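**Student:** Just dropping this structure here.
The values are calculated or read from the model by the stated rules, or taken from the named source; none is laboratory data. Here the structure is a predicted model, which is why all the values come from computation and not from measurement. Cβ placement follows ideal geometry from the backbone for every residue including glycine, while neighbour counts extend to all protein chains displayed. Heavy atoms of the whole protein, side chains included, go into the accessibility calculation; ligands, DNA and RNA do not. Shrake-Rupley method; radii C 1.70, N 1.55, O 1.52, S 1.80 Å.
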Amino acid sequence: MSSTLSEASVSDSSGPEARAAAEAVTPVFETLVVVGPGLIGSSVLRRAQQKGTLARTLIAVDVSPEVRARVEELGIADRVMADAAEAAALADCVMLCVPVGAMGPVAAQVLPAMRPGAVLTEVGSTKVSVIEAISPFLRPDVAYVPAHPMAGTEYSGPDAGFATLFEDRWCLLTPLDGTPPEALSAVRALWERCGARLREMTPAHHDRVCAIVSHLPHLLAFTICGTADDLADETRSEVLDFAASGFRDFTRIAASDPIMWRDVFLSNREALLEMLARFMEDAQAMARAIRWGDEDYIVDRIQRGRAIRKSLIENRQA
Ligand code: NAP
């Protein structure tokens, strides 16, 4: 990890111009290994290409020969390797961008090979269970910084990524008690240079927040598309013919990767089930208001939705 950059990223006294000048020439890491160059991993690699400030050398690791060939063709990494441990031995930062269910097994592979003083980070959409899965393999001389960039699309794989994916999006960091401050600063700097806004919170709080803002909406989208698909053939074709924007928006979310979302649901089981139970109570209350013609309740709920949309737009997150 570059000491010049760590200082630049944590010091307030250097001033924005001096900091910008330092950032222009000093990458956060010497060698960044991205394990899993899919949507998120390849977006980090692309951003690193575009700005040249994340790392001097970029290594992508993938288990599949086809994906490795494609990453080479795209030219988004200096080296493309098959063996995660072999790559990790060359890095001062290893970023795991694999599905949350694969984080533990991949961490078990890379951690024993990592250099003393290197940083392990990951981008998993859930934090408590990913930290639990990685923790047994942690070493005292390797820093671990859990992170979650709250950016994505319904597409996956190396062709899906793009350099501006994280621009103006939140990246949530859930450092542990023992996370060294300089490693945290370096990972913060990396995400700042990806264009993200940063917030720190506990892993448990992260999982509750994401259950409501991300995981429950995906669950609803998969469910409503399933319900439409269960309808009779002629109705289904009408659903597709006349899909108004409401249903269309659900289908976009429902096109997301099944393995990724299976893992997210299972690894955030408790928080997700709690939010689903609350949602079902609220949906029942809405059903009751519709049944009994409670106009005030219906209007109040719709107005709250409009207010949330307005604040998202004001917050540049729409
Ligand atoms: P993706 O496009 O499907 O990429 C996943 C990558 O992981 C691929 O390179 C895949 O390799 C590799 N991989 C899958 N299983 C593996 C295993 N068992 N061992 C080693 N490598 C494996 O997925 P993504 O959307 O980038 O998601 C990656 C991570 O980011 C997940 O943890 C997800 O929770 C998190 N995340 C996703 C989003 C989002 O909206 N998509 C947002 C924020 C964070 P192959 O292609 O060769 O199978």
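**Student:** Going residue by residue through region 60-69, is there one that turns out to be in a helix (DSSP H, G or I), at pLDDT 95 or above and surrounded by 15 or more Cβ atoms within 10 Å (Cβ to Cβ)? Please lay out each step first, then the result.
**Tutor:** The first filter runs over region 60-69 and keeps only residues in a helix (DSSP H, G or I), leaving 65-69.
Checking which are at pLDDT 95 or above leaves us with 65-69.
Then drop every residue that is not surrounded by 15 or more Cβ atoms within 10 Å (Cβ to Cβ), which leaves 67-68.
Looking for residues that are in a helix (DSSP H, G or I), at pLDDT 95 or above and surrounded by 15 or more Cβ atoms within 10 Å (Cβ to Cβ), one finds at least one in region 60-69, hence yes.
**Student:** What's the total number of residues in region 151-170 that are in a loop (DSSP other than H, G, I, E, B) and either without any contact (Cβ under 8 Å) to a residue 24 or more places away in the chain or open to solvent by 60 Å² or more (accessible area, probe 1.4 Å) (or both)?
**Tutor:** Residues meeting the conditions: 7.
**Student:** Is it the case that Pro180 is out of contact with any helix residue (DSSP H, G or I) (no Cβ under 9 Å at 6 or more places or on another chain) and either within 14 Å of the ligand (Cβ to nearest atom) or farther than 27 Å from Arg269 by Cα (or both)?
**Tutor:** Yes.
**Student:** Still on this structure: Could you check region 276-312 and list, in sequence order, the residues that are among the aliphatic types (A, V, I, L, M), open to solvent by 100 Å² or more (accessible area, probe 1.4 Å) and over 26 Å from Pro203 (Cα atoms)?
**Tutor:** Within region 276-312, Ile290 is the sole residue that qualifies.
**Student:** Take residues that are more than 16 Å from the ligand (Cβ to nearest atom) and either crowded, with 20+ Cβ neighbours inside 10 Å or not polar (S, T, N, Q) (or both) and tell me which of the helices (runs of 4 or more DSSP H) falling wholly in region 193-275 contain 3 or more.
**Tutor:** 203-210, 216-230, 233-241, 245-254
**Student:** Quickly run through region 144-168 and pick out the residues that are of a type outside the set (A, V, I, L, M) and within 9 Å of the ligand (Cβ to nearest atom).
**Tutor:** Across region 144-168, the qualifying residues are His148, Pro149, Gly152, Thr153, Glu154, Tyr155, Ser156, Gly157, Pro158, Gly161.
**Student:** Something else about it: Looking at region 256-274, is at least one residue more than 30 Å from Leu96 (Cα to Cα) and either outside the structural domain of Gly152 (by TED's automatic domain parsing) or not small (Gly, Ala, Ser) (or both)?
**Tutor:** Initial filter on region 256-274 (more than 30 Å from Leu96 (Cα to Cα)): none.
Taking every residue of region 256-274 in turn, none turns out to be more than 30 Å from Leu96 (Cα to Cα) and either outside the structural domain of Gly152 (by TED's automatic domain parsing) or not small (Gly, Ala, Ser) (or both).
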